[in-house]
1. For the stretch 129-157, give me each residue that is of a type in the set (Ser, Thr, Tyr), surrounded by 12 or more Cβ atoms within 10 Å (Cβ to Cβ) and modelled with pLDDT under 75.
2. Of the residues that make up the stretch 158-167, is at least one more than 29 Å from residue 85 (Cα to Cα) and at pLDDT below 70?
3. Please enumerate the residues belonging to the stretch 64-91 that are small (Gly, Ala, Ser) and either farther than 24 Å from residue 109 by Cβ or not in a loop (DSSP other than H, G, I, E, B) (or both).
4. So how many residues does the stretch 1-21 have that are more than 19 Å from residue 86 (Cα to Cα) and outside any helix (DSSP H, G or I)?
5. Given the structure, is residue 3 touching a His at 6+ places or on another chain (Cβ under 9 Å) and either closer than 20 Å to residue 97 by Cα or among the aromatic types (Phe, Trp, Tyr) (or both)?
6. Going by the conditions given, is residue 49 in contact with a Pro (Cβ under 8 Å, 6 or more places away or on another chain), modelled with pLDDT of 95 or more and not hydrophobic (A, V, I, L, M, F, W, C)?
7. Consider residue 33 against the criteria (1) part of a loop (DSSP other than H, G, I, E, B); (2) among the charged types (D, E, K, R); (3) closer than 24 Å to residue 118 by Cα: it satisfies all of them except one. Which criterion is unmet?
8. Which ones in the stretch 61-88 are in contact (Cβ under 8 Å) with a residue 12 or more places away in the chain and among the small types (Gly, Ala, Ser)?
Amino acid sequence: MTVGILGFGEIGAELARRLAGFDPRGILYNKRRPLPAQVEQELGITYATRQEVIAASDFLCVLLPYSSETDLSINEATFAAMKPGSFVVHCGSGSVIDEEALAAALRSGHLAGAALDTFEWEPLRPDNPLLALARDPAANVLLTPHTGSGTWPGGRTGDWANIQRLLAGEEPYYRVV
């Protein structure tokens, strides 16, 4: 499948390195300026316009930083331009994704799933439309509490233990307030 990366800094480069093991059909990226050809070849990536990345990606990875230019810029028009059955992975800054529009694209079936680690409001508000979708296995939505890439002294075993407790319908060991 084709993976698209919007916002290609250090995290985008590391993502491209890790994706190589999955042998994607292609990795497209977009940033202000194309990288040197040697870097593109080393990472196995191809520069494309933002619109080309959105239209061609089976998995769209959004790593954009927040600014007035990117505020809610991944929106209804973006999701409509994506391939039917494609996925969104968002690990960029909060408020880049229009969460209402994403929920609508998921509910309509246009998108096959989404995974988000950052949100417009953190912690998530109880009325966030993505929460109901995350509770429905058929919606294929994964929400992580802005810790998807973090590490703690001693590892992540406490996180996994809490995930297991939540899946079993139990209260987590600790709560972040």
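The values are calculated or read from the model by the stated rules, or taken from the named source; none is laboratory data. For clarity, every value in this text was computed on a predicted model and none was experimentally measured. A quick note on method: Cβ atoms are made from the backbone with ideal geometry, for glycine too, and the neighbour counts reach across all protein chains shown.
1. Going residue by residue through the stretch 129-157, those that are of a type in the set (Ser, Thr, Tyr) are 144, 147, 149, 151, 157.
Those still in the list that are surrounded by 12 or more Cβ atoms within 10 Å (Cβ to Cβ) too: 144, 147.
Once the filter is applied, which keeps residues that are of a type in the set (Ser, Thr, Tyr), surrounded by 12 or more Cβ atoms within 10 Å (Cβ to Cβ) and modelled with pLDDT under 75, the stretch 129-157 yields only 147.
2. yes
3. At the first step, the residues of the stretch 64-91 found to be small (Gly, Ala, Ser) are 67-68, 73, 77, 80-81, 85-86.
Across the stretch 64-91, the qualifying residues are 67, 68, 77, 80, 81, 86.
4. Within the stretch 1-21, residues that are more than 19 Å from residue 86 (Cα to Cα) and outside any helix (DSSP H, G or I) number 2.
5. On the way: touching a His at 6+ places or on another chain (Cβ under 9 Å): no; either closer than 20 Å to residue 97 by Cα or among the aromatic types (Phe, Trp, Tyr) (or both): yes.
Against the criterion (touching a His at 6+ places or on another chain (Cβ under 9 Å) and either closer than 20 Å to residue 97 by Cα or among the aromatic types (Phe, Trp, Tyr) (or both)), residue 3 does not qualify.
6. Details: in contact with a Pro (Cβ under 8 Å, 6 or more places away or on another chain): no; modelled with pLDDT of 95 or more: yes; not hydrophobic (A, V, I, L, M, F, W, C): yes.
The answer is no for residue 49.
7. Of everything listed in (1) part of a loop (DSSP other than H, G, I, E, B); (2) among the charged types (D, E, K, R); (3) closer than 24 Å to residue 118 by Cα, residue 33 misses just condition (3).
8. The initial filter retains those residues of the stretch 61-88 that are in contact (Cβ under 8 Å) with a residue 12 or more places away in the chain, namely 61-66, 70-76, 78-88.
Matches in the stretch 61-88: 73, 80, 81, 85, 86.
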